1. Let me confirm something: among Arg121, Arg114, which residue is on the phi > 0 side of the Ramachandran plot and in contact with a Lys or Arg (Cβ under 9 Å, 6 or more places away or on another chain)?
2. Does Thr83 satisfy being of a type in the set (Val, Ile, Thr) and modelled with pLDDT under 95?
3. What do you reckon, is Val52 at pLDDT 95 or above and either closer than 19 Å to Ala147 by Cβ or over 23 Å from the mean Cα position of the chain (by Cα) (or both)?
4. Please specify each residue of region 1-15 satisfying the condition of being surrounded by 14 or more Cβ atoms within 10 Å (Cβ to Cβ) and either modelled with pLDDT of 95 or more or more than 19 Å from Tyr159 (Cα to Cα) (or both).
5. Please work out which one of (1) in a helix (DSSP H, G or I); (2) out of contact with any Phe, Trp or Tyr (no Cβ under 6 Å at 6 or more places or on another chain); (3) surrounded by 13 or more Cβ atoms within 10 Å (Cβ to Cβ) is the condition Val52 fails and give its number.
6. Does any residue in region 20-40 that is free of Cβ contacts under 8 Å to residues at least 24 places away in the same chain come within less than 6 Å, Cβ to Cβ, of a residue that is among the aliphatic types (A, V, I, L, M) six or more places away or on a different chain, and which pairs are these?
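The values are calculated or read from the model by the stated rules, or taken from the named source; none is laboratory data. These numbers come from a predicted model, not from an experiment. Neighbour counts run over all protein chains shown; Cβ positions are idealised from the backbone, glycine included.
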Amino acid sequence: MPAPNRSPFFLDVALYPHRSLPPQGFLILMAAFGLTSFITGLIFASMGAWPVLGFFGLDVALFYWAFRLSYRSGRLCEVVRVTRHQLTVQRIQPDGRHKTWSFEPAWARVDLERPEEHDCRLVLASGERRLAIGAFLPPEERVEFAATLRAALRAATTYA
């Protein structure tokens, strides 16, 4: 039985950016790319163009760095919670910084701007306040999450 002063969650979800390449796939890709670059560099070095070997090494390092940045940005998280008395959105940056926004569920609106377009925006609105959420989600998931969030808000405001 829940504590009398706590509201049940009508929605409690963490949204993360999708990364199509899992860490094990990244290791395999880096090994294959590194080995290919090394062998190609050795071929050039054997023909007397030894400086090319360094450029192939630089390519591998830049390729690795770009993927690490991509994985780091994938640690962004948005936690959306709906209770009877409050809708909260907490955005947690990859470096650990976070910010929290709160809305009254009875007054909150879920707007999906231009749902037919690829770059549609999912916006929480209450009066003059507006907050875009789920910008990293694919358009289909934004539409689906908007419907889920609307249903949770409806349930929270009709909860007895």
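1. It is Arg114.
2. Criteria met by Thr83.
3. no
4. The answer is Val13, Leu15.
5. With (1) in a helix (DSSP H, G or I); (2) out of contact with any Phe, Trp or Tyr (no Cβ under 6 Å at 6 or more places or on another chain); (3) surrounded by 13 or more Cβ atoms within 10 Å (Cβ to Cβ) applied to Val52, the lone miss is (2).
6. Ser37/Val60
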